[in-house]
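The values are calculated or read from the model by the stated rules, or taken from the named source; none is laboratory data. Every value quoted in this text rests on a predicted model; they were computed, and no experiment measured them. With ideal geometry, Cβ positions are generated from the backbone for all residues, glycine too; neighbour counts draw on all protein chains shown.
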Amino acid sequence: MFRIDFNKLRFLVCDDNPHMRRILRTLLHSFGAREVYEAEDGATALEMYSHYVPDIVITDWAMPIFDGLELAQMIRQPESKGNPYAPIIMLTGHSEKRRVTVARDAGVTEFLAKPISAKGLYQRILNVVASPRPFIKTKTYFGPDRRRNINSAYMGPERRVGEKHEVLQQPSLLDKARSTI
Amino acid sequence: MAKNSARDIEIKAFATHQIITQPNPLRSVLRRVEDKDMDDPVGRAEQALAGLAGEFKDWMATEINRLSAAYVAIRHDGFTKDRRDELFRAAHDIKGDAATFGYPAAAGVAESLCRVIEHAPDLEKVPAELFTHHINAILAIVHENTKLDSISVSAELSRRLRKVADDYLADANRDRPEHLEVILAPSIAPAG
C-alpha cells in the first residue's frame, strides 16, 4: 500500500466561490495537507503561483478576470522563470467532451468534474504524484503528454513523427513500486 | 519539496516535437507502508465534509440569492457581457455545488439553465419564461427540499425543464450544426 505524505505538499487552490474553497481546504487538510494557499481569481492565483511555488494547483474553470484555462496556459510557458511543470487539476462544473479536450490542450494534467468527492480528489492527486507524465513541446503545445493509451491507427493532423516508438513507455512510480511487492 | 534543477531535465528532440522528462519531483511524498499502517484519508475527508453539512443550507441560500440578483439585473437593464457572465457563473456554481450541498435536482436545473445561456444564439430572443421557470424551479427545490414527498417532484421538474430547454436549443440552433453537435453530446467527464 502507498501513502502520500500530504504534509510535505504545498497546494494552490483557485476558485472564485468561497464555499468551494472552504470545501477544498477542508478536504486537503483532512488528507493531511498543511500548506493550502487560496486565490479567488486567476490573476491572484498566478501571482501566488510565482510567490509560493506550489507542488500542485487545483483550479476552477469559470472565474472572473481571467479563468482557470488562462491560468493553466500562463503556467505552461516553457520559457518562464517559474515552474512550468507543476501538475494542474481542473475542478469544474463543465463536463462536456469539448471542454475536457480544451482543458487538456491548455496543459491541464487532470480533470475532475463537480460535484466534488473526497475519493475523486484523492485519486487525481495520487495520479499526479505517483504517475507523472513526460512533457511534450510542439509548435502549438506545451504540457503533459496527452496520450493516455496506444492508438497506432491514429492518423490525425497532430500526430507526432520521428519517434522510434509512437508512445513513450514510461512506467509510473506507482507501477515500479507495485512490481517490487 | 525538492525541485529538479535544469540539469535533471532530459530533452529528446524529434522532427515535430520534444519530449521532456525529469525525475518525479514529488517522489519523496509517496511512501510504501504496511497494510496495518495504512490510514484512510478518503474516509477522514468524507467525515470532515459531513461536518460542514450544517452550513450547506445557508451556503445554498447565498447561491440562489446570487442567481436571483443576477437575473433581476438583466430584467431591469438587459443583457450585457458582464451581466450574462454573472448569470452564467451563478448558475454554473449551483450546477457544481448543489449536489454536494444536498440538492441534486437543483444542480440538474442549473445545468439546463447553463446550457440555455451558453448555446442560445441570441439571449435577447430567449423567452423570459425559460429563464424564470428555471430560476423559480431552483428556488422551489431548495425551499421544499426537506419534504420527503418533494424529492421525486423535484427530479421530475428538473427532467421536464431540461426537455423544454433542449427542445428550444435544438430549434434555435437548427441551422447551426456545429452547435447542435455540442448540445447533443453526452458528458464524458470522469466520474468522481
Among the residues of region B:117-134, is there at least one that is modelled with pLDDT under 95, surrounded by 19 or more Cβ atoms within 10 Å (Cβ to Cβ), under 19 Å from the mean Cα position of the chain (by Cα) and of a type in the set (A, V, I, L, M, F, W, C)? no
Within region B:155-192, residues being away from every other protein chain (no Cβ under 14 Å) and modelled with pLDDT under 85 number 0
Hey, could you check region A:1-35 for residues that are within 13 Å of another protein chain (Cβ to nearest Cβ) and among the β-branched types (Val, Ile, Thr) and say which is nearest to the chain's Cα centre (by Cα)? A:Ile4
Going through region B:25-55 in order, the residues found to be buried (at least 16 other Cβ atoms within 10 Å of the Cβ) and more than 7 Å from every other protein chain (Cβ to nearest Cβ) are B:Pro25
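What do you reckon, is B:Ala15 more than 35 Å from the chain's Cα centre (by Cα), facing chain A (nearest Cβ under 7 Å) and hydrophobic (A, V, I, L, M, F, W, C)?
Working: more than 35 Å from the chain's Cα centre (by Cα): yes; facing chain A (nearest Cβ under 7 Å): yes; hydrophobic (A, V, I, L, M, F, W, C): yes.
In short, yes.
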Is at least one residue of region A:51-60 touching a helix residue (DSSP H, G or I) at 6+ places or on another chain (Cβ under 9 Å), aliphatic (A, V, I, L, M), over 21 Å from B:Arg89 (Cα atoms) and in contact (Cβ under 8 Å) with a residue 60 or more places away in the chain? yes
Go through (1) more than 10 Å from chain B (Cβ to nearest Cβ); (2) touching a residue at least 24 places away in the same chain (Cβ under 8 Å); (3) of a type in the set (A, V, I, L, M, F, W, C) for A:Ala43 and report which single condition fails. (2)
Does region A:100-129 hold any residues that are facing chain B (nearest Cβ under 8 Å) and either assigned to a loop (DSSP other than H, G, I, E, B) or of a type outside the set (A, V, I, L, M, F, W, C) (or both), and which are they? A:Lys114, A:Pro115, A:Ile116, A:Ser117, A:Lys119, A:Gly120, A:Tyr122
Per the filter on region A:37-61, residues surrounded by fewer than 22 Cβ atoms within 10 Å (Cβ to Cβ) and either among the hydrophobic types (A, V, I, L, M, F, W, C) or within 22 Å of A:Val100 (Cβ to Cβ) (or both) are A:Ala43, A:Leu46, A:Met48, A:Val53
